[in-house]
Amino acid sequence: MFTPQDVAKLRTITGAGMMDCKKALVETKGDIDKAIIHLRERGIAIAAKKAGRIASEGIVYSYIHMGGKIGVIVEINCETDFVAKSDQFNELAKDIAMQIAAAKPIYVNTDEVTDKELDKEKEILRKQAENEGKKPELIERMVEGRIKKYYNDVCLLEQPFIKDNSKKVSAIINDAILKLGEKIAVRRFVRYEMGEGLEKRVDNLAEEVNKQIAGK
C-alpha cells in the first residue's frame with residue numbers, strides 16, 4: 001500500500017513524527033497528498049514544524065483550588081508577547097494548571113522520566129505480573145503495556161485531558177498551536193497540596209468522648 005520511502009517523504013514534507021506519518025498513510029491508503037491534509041487537519045504537521053522554533057515568551061500562571069488546599073504554578077512558553085497576552089493562550093494556561101491540580105502529574109513528558117525511575121517501575125510491574133501467575137513469555141509484553149499506563153498517570157502531556165478525556169493534554173496543546181500559529185510548550189510546573197508530606201493527626205473519637213466523660 002505504501003513504502004518506507006513514502007513515510008520518509010511525508011515526514012520531510014510535514015515534519016511530523018514517523019508513527020504519525022505511518023498512521024496517516026494507513027488512513028489514506030497510501031495517498032501522500034491526502035495524508036498531508038490528514039496531518040494538517042489534526043494539527044500534527046504544524047505542531048511538528050514549529051517544534052524546533054524558539055519559544056522564550058509566555059507566562060507563569062498560578063492557580064489555587066479548593067479554597068487554598070491545592071496550588072499550582074506552571075510556566076508555559078510561546079514565541080511572542082502578543083500571543084502570551086491573548087485570551088486563548090491564557091485560557092490554555094488555566095486549563096493546564098487545572099489539569100495539574102486535578103491529575104497530579106509528576107513530569108511534563110516521558111523524556112523527563114529517568115532510566116532509574118523507569119527500571120524501578122518495570123521491576124514492580126514484573127513482580128505484579130509474576131504474582132498474578134502470568135507466563136514468563138507474556139510478562140515482558142504486559143510490562144510494556146503497563147508502562148504506557150504509568151506514563152498516562154505521571155506525565156502531564158500523556159494524561160487524558162480533564163475537560164475531554166478522549167484527547168491527551170498534548171493534543172490540546174497541538175490544537176492551540178494550530179489556532180495561534182506559534183510554538184507552545186509547557187516548560188515546568190510545581191504543585192502544592194496543603195499538608196502534603198506532613199504527619200497527620202489521627203483523632204480517636206471514642207477516646208476523646210471517654211476523656212470528656214471521665215473529666216465530668
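The values are calculated or read from the model by the stated rules, or taken from the named source; none is laboratory data. If you're wondering where the values come from, they're calculated on a predicted model, not measured in any experiment. Note that we place each Cβ from the backbone using ideal geometry, even for glycine, and neighbour counts take in every protein chain shown.
Assess whether Val60 counts as being within 30 Å of Ile100 (Cα to Cα) and modelled with pLDDT of 90 or more. Talk me through it step by step, then tell me what you get.
Details: within 30 Å of Ile100 (Cα to Cα): yes; modelled with pLDDT of 90 or more: yes.
Taking the combined requirement at face value, the residue satisfies it.
Given the criteria aliphatic (A, V, I, L, M) and either part of a helix (DSSP H, G or I) or modelled with pLDDT of 95 or more (or both), does Ile54 qualify? Judged against the criteria, Ile54 is not a match.
So that you can scan it fast, the table gives a plain yes or no per residue for (1) modelled with pLDDT of 90 or more; (2) closer than 20 Å to Phe161 by Cβ:
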| position | (1), (2) |
| --- | --- |
| Leu92 | yes, yes |
| Ala103 | yes, yes |
| Lys120 | yes, no |
| Lys135 | no, no |
| Glu144 | no, no |
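Filtering Arg146, Arg187 for residues that are among the basic types (Lys, Arg) and in contact with a Leu (Cβ under 9 Å, 6 or more places away or on another chain) leaves a single hit, Arg146.
Condition check ((1) in contact with a helix residue (DSSP H, G or I) (Cβ under 8 Å, 6 or more places away or on another chain); (2) under 17 Å from Phe189 (Cα atoms); (3) in contact (Cβ under 8 Å) with a residue 24 or more places away in the chain; (4) not basic (Lys, Arg)) across all residues:
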| site | (1), (2), (3), (4) |
| --- | --- |
| Ala55 | no, yes, yes, yes |
| Tyr61 | yes, yes, yes, yes |
| Val74 | yes, yes, yes, yes |
| Lys104 | no, yes, yes, no |
| Thr110 | yes, yes, yes, yes |
